[in-house]
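Some notes on the structure that comes next.
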Amino acid sequence: MLHDLLQPQHLLIVLVVALFVFGPKKLPELGQGLGKGIRSFRDSMKQISEEPEKAEPKQAEEAK
């Protein structure tokens with residue numbers, strides 16, 4: 001079911017609708033903001049997975 005959803009024609013239709021809704025000037029800004037958000041999310045996930053033992057003592061100190 002999902003493989004039918006991501007066909008090039010469907011993605012093109014979504015892009016055209018987004019272009020009409022947001023306009024040609026706002027669309028690059030939205031893409032840039034989305035990219036920064038995804039990059040920030042990935043960086044924070046890497047930081048959490050690299051330092052799990054450093055985060056635990058902070059929680060123990062806050063509980064006291």
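No lab work stands behind these numbers, since they all come straight from the coordinates. Everything numeric in this text was worked out from a predicted model, so none of it was measured. Positions of Cβ are backbone-derived with ideal geometry, glycine not excepted, and every protein chain shown enters the neighbour counts.
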Approximate spin-label separation Gln9-Leu30, in nm, with each point projected 7 Å along Cα-to-Cβ
2.4 nm
Extension reserve of the Glu50-Ala18 stretch, reckoned as 0.36 nm per residue once the Cα distance is removed:
7.8 nm
